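The values are calculated or read from the model by the stated rules, or taken from the named source; none is laboratory data. Since this is a predicted model, take the numbers as computed values, not measurements. Cβ atoms come from the backbone with ideal geometry, glycine included; neighbour counts cover every protein chain shown. Ligands, DNA and RNA are stripped out before the accessible areas are found, and what is left, the full protein with its side chains, is counted by its heavy atoms. Shrake-Rupley method; radii C 1.70, N 1.55, O 1.52, S 1.80 Å.
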Amino acid sequence: MKNTTVGVIGVGYLGRFHALKYAAMEEVDLAGVVDVDYARAQAVAEETGTKAYSDYREIMDSLDAVSISVPTTMHEEIAIPLLERGIGVLLEKP
C-alpha cells in the first residue's frame with residue numbers, strides 16, 4: 001500500500017507540531033514544510049527530515065493531503081487552489 005504524501009504549510013508554533021506528527025507516522029511521507037519565513041521552514045525541515053519551501057505552490061502538485069496552519073486571513077487564498085486539485089486539506093482554526 002502506498003504511503004500518503006503530506007505537506008505542512010505554515011510551520012509556526014502549531015504547524016511545527018503537525019510536521020512532527022506526520023514525520024513520526026510510518027504510513028505518511030512528509031514531502032516538505034512551507035513557511036514564508038524560509039529560515040523557520042529550514043529549521044523545521046531539518047528537525048523532521050524533509051525539505052523546506054517558502055512558497056506552497058512549489059510543493060502542491062506532489063501532495064495527497066496538507067495541513068494549513070497560517071493566519072486566518074490567508075486560509076482562502078491557500079486552501080482553495082489545493083482543494084481544486086483534489087488535495088485533502090486540514091485547515092488549522094485560529
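When residues of the range 44-62 are filtered for being under 13 Å from V8 (Cβ atoms) and either open to solvent by less than 60 Å² (accessible area, probe 1.4 Å) or of a type in the set (D, E) (or both), how many remain?
10
Looking at A41, A65 in this structure, which one is crowded, with 23+ Cβ neighbours inside 10 Å and not β-branched (V, I, T)?
Matching residue, one of A41, A65: A41.
May I ask you to say which residue of V6, V28, V36 is within 11 Å of the chain's Cα centre (by Cα) and either at negative phi or of a type in the set (G, A, S) (or both)? Show your work before the answer.
Working: V28 fails: within 11 Å of the chain's Cα centre (by Cα); V36 fails: within 11 Å of the chain's Cα centre (by Cα).
Exactly one residue qualifies, and that residue is V6.
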